[in-house]
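Here's the structure, in structure tokens; my notes come after.
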Amino acid sequence: MFFEKSPFDATPDVAMEGGALDQEARDAIARLGEHDLLKIDQAILSSLGREWKKAGFITAGVMIAAPDEYEDLPEMFYASRIRVLAEASRIETKGDARALKTFEIRLAPATGVA
């Protein structure tokens, strides 16, 4: 799926352009390491199956279940991780990625499994 430039970053070390983030959110993103990104990505992936789900529902659920150290991360950041997972072909997408209420995601089919 093609993604237009969006206000979402793929990594925590780049400022989220166009987003009105408060200082706590920027600091929380800046503190993230590779291990944190893997944990967040795994939380998103484990919330999905092969049925389509609204991305906003998934981001909200992951945010609610997230450990305290992630409580200052904005929904926009979780949406950016969904974009990264889609670009890596780990999930499939349907709809406009900028509209979390209608944007749908699901796990990509397993490939190369013997």
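Here, each number is a calculation from the coordinates, and none is a lab measurement. Keep in mind it's a predicted model, so treat the numbers as computed, not measured. In this analysis, Cβ positions are derived from the backbone assuming ideal geometry, glycine residues included, and neighbour counts consider all displayed protein chains.
Each label was represented as a point 7 Å from its Cα along the Cα-to-Cβ direction; for PHE57 and ASP27 these points are 3.5 nm apart. Neighbours of ILE105 by Cβ distance under 15 Å: Lys/Arg scored +1, Asp/Glu scored -1, total +3.
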